[in-house]
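Quick notes on the structure that follows.
No value in this document is a laboratory result; all are computed from the given coordinates. Quantities reported herein were computed from a predicted structural model and do not represent experimental measurements. Every residue, glycine among them, receives a Cβ derived from its backbone with ideal geometry; neighbour counts consider all protein chains shown.
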Amino acid sequence: MKILAVTLISLSLFASVASHAQTSTTKAPTSSLIKIVRSDSLQSNKGSAQYFTGSVQVQQLFPANDPSRTSGGKVTFEAGARSAWHTHPFGQILIVTEGTGWIQQWGGPIEEIRKGDVIWIPAGVKHWHGATPNTAMTHIAIQEELNGKAVEWMEQVTDEQYHK
């Protein structure tokens, strides 16, 4: 009797799962909502002397797409190159992909960052980042925009501040 009861329960569960599987399938959309950007289609631009010192290449990887406010880019600093002082309204994440660089928050020490490091800069923290004097550095920068703006640029980092 127990075997019969277990068998009947198992069959009823199987039938329930099978009928649910049939009713819960959906058709694939006719056009994909996923967007793939091929790396060979991305443009790299020289970093503006207004925001950078030295040779810098900036490549926008993705803009903020509504409803998201998140944008990202790849920035390559040749040896000795650096950003100006700046802040971000919602903070910033840096992922170092190549080389060795430096980062400094206003009033703090210069800190070394290396390939594989992930750096979190909180909202409103005045900082700069770039390569060391002898080594290039590339990082991915991810930040959120506030009213279409992801960064507030400030004054250049002086040579004295950089070599401190």
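Numbers at a glance
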quantity	calculated
Surrounding net charge for residue 91, when Lys and Arg each add one and Asp and Glu each subtract one, Cβ distance under 13 Å	-1
Radius, Kirkwood style, for the range 42-145 when every pair of distinct Cα atoms is counted (Å)	13.6 Å
Phi-based couplings in Hz for the range 63-74 (Karplus 6.51, -1.76, 1.60; Gly and Pro marked x)	x, 6, 10, 3, x, 5, 10, 8, 10, x, x, 10
Derived scalar couplings ³J(HN,Hα) [the range 88-95; Karplus, 6.51 cos²θ - 1.76 cosθ + 1.60; whole Hz; x for Gly, Pro]	10, x, 10, x, 8, 10, 10, 10
Ranked list, fewest to most other Cβ atoms within 10 Å of each Cβ, for 162, 51	51, 162
Links that overshoot a 20 Å alpha carbon limit, given the list 115/164; 35/115; 35/149; 46/74; 126/149	115/164; 35/115; 35/149
